[in-house]
Amino acid sequence: MSAGKQIKRIFLCILAGMMLLTGCGAGSGAGQGEERQDSGQKKGEQDSQEITRVPGGRIRILSGSENQELEDIINACSEATGVDIQMEYKGSVDIMRELENGATDYDAVWPASSIWVSMGDTRHLIKHSQSISMTPVVFGIRESLAEKLGFVGEKVSVNDILTAIRDGEMSFCMTSATQSNSGASAYIGFLYALLGKQEGLTAEDLQKPELQSDITELLSGVERSSGSSDWLKDMFLEGDYDAMVNYECLIIDANQKLEEEGKEPLYVVYPYDGLSIADSPLGYVDHGDAEKEEAFLAVQEYFLSDKAQEEIEATGRRINAGGVSKENQDVFNSDWGIDTERILSPIQMPEAAVLTEALNIYQTSFKKPSLNIYCLDFSGSMSGTGEEQLKEAMAQILLQENAR
């Protein structure tokens, strides 16, 4: 095993340990992954192995939308392994909820972060979970604005960003914390930073008046929101906004498109007191189908091979905690503020009950209010069952106890 891969494995072990939650089904992911490694399919040994083929295999993966950027690699995997890979994209929090319900329509899940597997896998269905890549959640701020705010080349805190929002100098786009990992991770990072700590968020913390005032003011700076990270990037590119909170890899992708169009790129800011890292775990959902499991393992093996890892790194995702390869150094353009040498110190996610409470309060109290207009159909064709279903649907939306 190469030194680089040893570093990555050690880093991911530390990261996984920080994100495991008390009382959640975490053992079904990490433990099973280690079991697979012990059986002789260690990541470092894949270089000398031929690609496993499972002709006629078929798996359906429920994935975070950020992985849409990997379509070419996914298609190459399908061709190399003979496995028909069907992708469906949702926000990572939605993936957690699907897991809670048994994920009966899927053979694998690929959320942005292990925490959603840990929280959602209450039925202990996940096996062979392994990280495919990693990427921090960052602020991408229009370069000229970042310069004006004094953020270029400096260490920036969440309070510095809050000050810019208070002064009316900046707004930003962010995914919904109750739908997407990037939004949820940023939000939890904000809470920790405003409390002045890096771990141990409690339910009592969430009730502190000063925190409630600060986080409400910070989130008032959210100009537009989205249900997933990739959709947020697309929305940002189509509009005229100051900044967005998103994965480093999607900021890189956005900047490549902006420069192709001759537009101003985004400058990457890593809030030192509220940083989180997405570790992109791919795990098998065990419904007792040995053929599906064989197909999954072939696909996962391909993604973890040196060839695929290098291609994944070329999309702006990190595969090594110790930096990036020379071949892909230009992808992580330092002119955009991207720093592959800095030590990333991620926050520790709170326990499951506290995280759930934090997300509930975000939805009901902290997030910026929105104006929603509903046009309801009560025409003659809706009488009877149609009208009843319409009223039931609106009850789920408008009654707070149902909506949460």
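The figures follow:
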| item | result |
| --- | --- |
| Cα-only radius of gyration and Dmax that characterise the chain, units Å | 21.5, 70 |
| Residue-level accessible surface for Trp231, protein heavy atoms, 1.4 Å, Å² | 120 Å² |
| DSSP beta bridge pairing in the chain, given as percent antiparallel to the nearest 5 | 55 percent |
| Inter-site label distance for Ala393 and Asp105 at 7 Å from Cα along Cβ, in nm | 1.6 nm |
| Per residue accessible area of the chain, 1.4 Å probe, in Å² | 44 Å² |
| Translational diffusion coefficient (Stokes-Einstein; Kirkwood radius from C-alpha pairs) of the stretch 334-404 at 37 °C, 0.692 mPa s, in µm²/s | 195 µm²/s |
| Nearest-20 debye value, the stretch 121-201 charge dipole, Cβ charges on Lys, Arg, Asp, Glu | 320 debye |
| Charge dipole (debye, nearest 20) of the stretch 339-404; +1 at Cβ of Lys and Arg, -1 at Cβ of Asp and Glu | 200 debye |
| Distance-filtered residues of the stretch 165-180 - backbone nitrogen under 20 Å, label point 7 angstrom along Ser157 Cα→Cβ | 165-170 |
| Extreme residue, positive dipole direction of the chain, given options Gly196, Met394, Ile126 (C-beta unit charges) | Gly196 |
| Per-selection Kirkwood Rh - the stretch 166-230 (Cα, Å, 1 d.p.) | 12.6 Å |
| Estimated D of the stretch 198-242 in µm² per second, where Rh is the Kirkwood radius over Cα pairs and Stokes-Einstein applies at 10 °C, 1.306 mPa s | 122 µm²/s |
| Expected 222 nm ellipticity per residue - DSSP helices of 4 or more, -39500 (n - 2.57), all of the chain, to 500 | -12500 deg cm²/dmol |
| Proximal aspartates and glutamates relative to Lys197, as straight alpha-carbon distance under 13 Å, when same-chain residues fewer than 8 apart are discounted | Asp205, Asp273 |
| Rg/Rh ratio calculated on Cα atoms of the stretch 122-235 (Kirkwood radius) | 1.01 |
| Violating pairs (Cα-Cα greater than 27 angstrom) within the set Lys148/Lys263; Lys208/Lys391; Lys127/Lys257 | Lys208/Lys391; Lys127/Lys257 |
| Cα pair count fraction exceeding 20 Å, expressed as % - the stretch 268-357 | 55 percent |
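The values are calculated or read from the model by the stated rules, or taken from the named source; none is laboratory data. These numbers were taken from a predicted model, which means no experiment stands behind them. A quick note on method: Cβ atoms are made from the backbone with ideal geometry, for glycine too, and the neighbour counts reach across all protein chains shown. Note: areas computed on protein heavy atoms with side chains; ligands, DNA, RNA excluded. Shrake-Rupley method; radii C 1.70, N 1.55, O 1.52, S 1.80 Å.
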